[in-house]
1. Here are some residues: T51, T71. Which one is closer than 18 Å to F110 by Cα, open to solvent by less than 50 Å² (accessible area, probe 1.4 Å) and of a type in the set (S, T, N, Q)?
2. Looking at A62, A30, which one is open to solvent by less than 10 Å² (accessible area, probe 1.4 Å) and modelled with pLDDT of 95 or more?
3. Can H148 be described as at pLDDT 50 or above and out of contact with any strand residue (DSSP E or B) (no Cβ under 9 Å at 6 or more places or on another chain)?
4. Could you count how many residues in segment 81-115 are open to solvent by less than 60 Å² (accessible area, probe 1.4 Å), closer than 25 Å to V55 by Cβ and out of contact with any strand residue (DSSP E or B) (no Cβ under 9 Å at 6 or more places or on another chain)?
5. Would you be able to say whether some residue in segment 46-57 is of a type outside the set (F, W, Y) and free of Cβ contacts under 8 Å to residues at least 40 places away in the same chain?
6. In this structure, is N79 closer than 13 Å to V18 by Cα and not basic (K, R)?
7. Hey, could you check segment 6-46 for residues that are out of contact with any Lys or Arg (no Cβ under 9 Å at 6 or more places or on another chain) and of a type in the set (G, A, S) and say which is nearest to E115 (Cα to Cα)?
Amino acid sequence: VEDAAKMLTRPYFFSAPVIHGKRLGRRLGAPTINQAFPTGMLIPKKGVYVTDCEVEGQVYRAITNIGVRPTVEQGAAVNCESHLLDYEGDLYDKTVKVSFLKRIRGEMTFHSTEELREQIYRDIEFAKKLRLGQASAFRRGVADKGRHGVRAGGYQRCGQVHADQVPDRRQQDGRRQD
């Protein structure tokens, strides 16, 4: 997602309404919002990310899982679950914008929900301690465009969007940047 952000000159994001889930995050002490990806979106690679979630104009740091929840569910569709740090309230049916800042790790299968809970808390602590100078640069609109474009291998297909439809932005000002 860092390469995508450099190419786009802003973090990769999507906006979608919050839908009802199984409330497992709440039972584990880390309530999450659940969102389905809009049809046609490129979905970031399965894993856990540090994100910013915008709710009614207010931005909250969050950890977001993209995946199928292999520890607790078999054969599930790819889902987006975000735990907003320092937020309390009901977001059902509200639209939340999720901006992907940094990938923490890949999706993992745990032996128990207790192991899952412990890892969630480690991910939360990592997100709290992480200083993302890049993210604040994006908010100011002065992000470096970087040297690399989006690598389609880091994204999954969703709907009818294909990797060859992602514009190659490595060419700037008529010259190729490698």
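The values are calculated or read from the model by the stated rules, or taken from the named source; none is laboratory data. For clarity, every value in this text was computed on a predicted model and none was experimentally measured. No Cβ is skipped: glycine too gets one built from the backbone with ideal geometry, and neighbour counts run over all protein chains shown. To get the accessible areas, we keep the full protein, side chains included, count just its heavy atoms, and leave off ligands, DNA and RNA. Shrake-Rupley method; radii C 1.70, N 1.55, O 1.52, S 1.80 Å.
1. Among T51, T71, only T71 is closer than 18 Å to F110 by Cα, open to solvent by less than 50 Å² (accessible area, probe 1.4 Å) and of a type in the set (S, T, N, Q).
2. Selected residue: A62, the only one of A62, A30 that is open to solvent by less than 10 Å² (accessible area, probe 1.4 Å) and modelled with pLDDT of 95 or more.
3. Criteria not met by H148.
4. Looking only at that region, the number is 0.
5. Checked segment 46-57: at least one residue is of a type outside the set (F, W, Y) and free of Cβ contacts under 8 Å to residues at least 40 places away in the same chain.
6. Here the answer is yes, as N79 does meet what is asked.
7. G25
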